[in-house]
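S.K.: Dropping the structure in here first, questions after.
Every read-out reported here was derived from the displayed coordinates using simple, explicitly stated rules and does not represent laboratory data. Note that the structure is a prediction, hence the values are computed from the model and not measured. Cβ coordinates were reconstructed from backbone atoms using ideal geometry, including for glycine residues, and neighbour counts include every protein chain displayed.
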Amino acid sequence: MKICLIEPFHTGSHAAWAEEYGRYSRHDIGLLTLGGRHWKWRMHGGAVTLARHFMAKDGGVDLLLSSDMLDLTTFLALTRAKTAGLPVALYCHENQLTYPWSPDDADPAMQRDAHYAFINYTSALAADAVLFNSSYHRDAFLGQLPEFLKSFPDQHELESLAPLAAKSSVLPLGLDLQRLDRHRPLRPEAADKPPLILWNHRWEYDKNPEEFFNALYRLQEEGVAFEVAVLGEAYRKSPPVFAEARQRLGERIVQYGYVEDFAGYARWLWRADILPVHSHHDFFGASVVQALYCGCTPLLPRRLAYPEHLPAERHDQCLYNDYEDLLQRLRRLLKRPSPGDDGKLRAHVARYDWRQLIGRYDDLLEQLSTGEKIREVS
């Protein structure tokens with residue numbers, strides 16, 4: 001089966017997902033992409049450019065698989081000579097309806113922010129199947145739509161929600177987790193080293209770095225021993241708290257900044273002991289899953305997609321309720337380090353590896369191409 005995978009924002013986790021699916025799939029996956037920058041313009045204008053590229057290509061396809069960054073309705077309208085009757089799946093890495101807006105973004109104050117969410121909504125209506133990367137993501141998007149549609153003057157189209165929900169299912173993000181195994185150290189770290197705390201997320205406001213570093217400042221004032229590796233990708237307007245933390249934590253920071261090569265990144269994950277996560281928002285949390293696979297002890301909020309990444313019997317141990325609860329748990333872990341990962345968390349998240357998921361992806365899209373109703377597999 002020939003699949004055209006359309007990604008207007010081809011960078012980071014979006015690019016990894018698209019390229020890795022093409023690598024592991026039994027189907028013939030052709031990528032149609034634009035560079036991962038100017039995300040708002042990609043949502044507005046990317047469909048026009050990609051439609052032109054699609055129409056210029058020779059040969060046909062059996063199915064379209066698009067990410068949520070595409071204005072699917074515009075794309076299909078401009079390519080109807082080729083795409084009329086083709087099955088279409090929309091894969092939602094995120095959505096602009098429930099994504100928190102940056103405090104530096106002028107659009108909400110100027111009342112321009114609703115349009116991006118509306119693109120997600122109409123794209124979902126136009127697709128034959130809507131695939132979300134987590135149960136949390138699906139439930140959050142569908143749950144917020146009624147209020148969103150009621151915010152418009154009239155013709156709220158609430159009757160569109162039941163059919164949309166019926167064609168929505170969960171298909172977790174595929175990750176090349178086994179690639180991390182190649183960089184697992186042969187010998188454990190020296191036992192006399194302080195526990196290593198890990199930050200391996202984007203340097204952005206929605207990951208709540210202020211709370212992460214405030215917790216470390218408190219523990220530093222108490223004289224608790226620890227080191228911290230601050231990984232993750234920084235952007236031009238990264239929150240100033242990162243530079244402040246570098247100064248205040250000093251020699252406790254043993255790595256500061258993005259690690260360009262995957263081998264170096266993987267080695268830090270294997271070396272780290274504790275992963276405290278403070279994010280305001282995460283539709284899936286690929287960086288969290290990677291750290292769990294490498295044996296980090298997680299401290300995760302009891303919300304968002306995180307409970308899905310843990311066995312039910314580990315929820316009370318690994319999920320916290322609020323900031324003070326987190327601080328108490330982190331303090332206890334640092335003073336009495338755990339004996340190490342028993343392999344259960346690693347085994348639980350290993351189901352996200354492409355080698356485990358690829359059959360589910362391929363079978364689901366094949367069902368769609370033949371007109372079958374999608375049979376969701378948990």
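S.K.: Return the inverse of the average 1/r over all pairs of distinct C-alpha atoms in segment 178-352, which is the Kirkwood hydrodynamic radius, in Å to one decimal. Mind showing how you got there, number by number?
M.R.: On the way: mean 1/r = 0.0613 Å⁻¹.
Mean inverse Cα-Cα distance, inverted, gives 16.3 Å.
S.K.: Within a 10 angstrom radius of the beta carbon, how do Asp325, Asp176, Asp181 rank from fewest other beta carbons to most?
M.R.: On the way: Asp325 14, Asp176 18, Asp181 11.
Going from least to most buried by this count: Asp181, Asp325, Asp176.
S.K.: Can I ask one more? Count of lysine pairs in the chain with Cα atoms under 21 Å apart, counting only pairs 8 or more residues apart in sequence or on different chains?
M.R.: Lysine pairs, 8 or more places apart or on different chains, close enough: 9.
S.K.: Taking only the Cα atoms of the chain, how large is their convex hull per residue, in Å³?
M.R.: Details: hull volume 56.5 nm³, N = 378.
Output value, Cα hull per residue: 149 Å³.
S.K.: Additional query: Quick one: dipole size for the chain, taken about the Cα centre, charges +1 on Lys/Arg Cβ and -1 on Asp/Glu Cβ, in debye to the nearest 20. Before the final figure, lay out each step's value.
M.R.: Details: 44 positive and 51 negative charges, 154 e Å.
With Lys and Arg at +1 and Asp and Glu at -1, about 740 debye.
S.K.: For a footprinting-style exposure proxy, rank Tyr258, Tyr361, Tyr24 by other Cβ within 10 Å, fewest first.
M.R.: Values: Tyr258 14, Tyr361 21, Tyr24 18.
Least to most surrounded, the residues fall as Tyr258, Tyr24, Tyr361.
S.K.: Follow-up. Treat the count of other C-beta atoms within 10 Å as a stand-in for reagent exposure and order Lys335, Lys167, Lys150 from fewest to most.
M.R.: Lys150, Lys335, Lys167
S.K.: Let me ask something else about it. Across segment 1-99, what fraction of all alpha-carbon pairs, as a whole percent, falls in each successive 10 Å bin from zero upward?
M.R.: Calculated P(r), rounded to whole percents: 16, 53, 29, 2.
S.K.: Could you give the dipole magnitude of segment 178-352 about its Cα centre, charging the beta-carbon of Lys and Arg +1 and that of Asp and Glu -1, in debye to the nearest 20?
M.R.: That gives a dipole near 380 debye.
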